[in-house]
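A quick write-up on the structure given underneath.
Please treat every number below as a calculation from the coordinates, not as lab data. Treat the numbers as computed from the prediction; the structure is a model and nothing was measured. As a convention, Cβ positions derive from the backbone with ideal geometry for all residues, glycine included, and neighbour counts pool all protein chains shown.
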Amino acid sequence: MTPTLTAGQRALIENELRAREHALEAELRTLAEQAGASNDSRTALASHLLNDDPEAAREHPDDRAVLLARADQLRQEQAEIGNALIALREGRLGACSACGEAIAFDRLKAQPMAPRCLRCQTAFEAA
Ligand SMILES: [Zn+2]
């Protein structure tokens, strides 16, 4: 069955997703500054962080590892948000991936990327 979100509910979820997207971008920019990047574009940050820089790695081995891990995590979250926005636009967001029933709106609002309804998530975590 298809999820039945109203236009207002979709707008609320879209706002939530956009707010998260902006927060992620801001954090990536901070990471770029910490990593000494002069360009704040995401692509530049990625190549900067992934660029093998032995000298920087020797100077700040832990910082660099932490930054890389965090940047990976942020990019992963950005991809999830992007997918959620597409699903929202196509009217697919809000369907439980396990049972296909609509995920409760309150749950969706708190966790727009939640893949399962509460019942299926509880069963999933117990398994
Ligand atoms: Zn379910």
### Residue-wise HN-Hα coupling along the range 110-125, computed from phi with Karplus coefficients 6.51, -1.76, 1.60 (Hz; x: Gly, Pro)
6, 9, x, 9, 4, x, 10, 6, 4, 4, 5, 5, 4, 5, 4, 6
#### Entry: Point-to-point label distance, THR122-ALA110, nm (Cα→Cβ direction, 7 Å offset)
1.3
### Message
Between ALA98 and ALA69, how high is the FRET efficiency from 1/(1 + (r/R0)^6) when r is the Cβ-Cβ distance and R₀ = 25 Å? Nearest 0.05.
### Response
0.25
### Query
Which far-off residues, 5 or more places away or on another chain, put their amide H under 5 Å from the one on ALA95, with H placed in the peptide plane?
ILE103
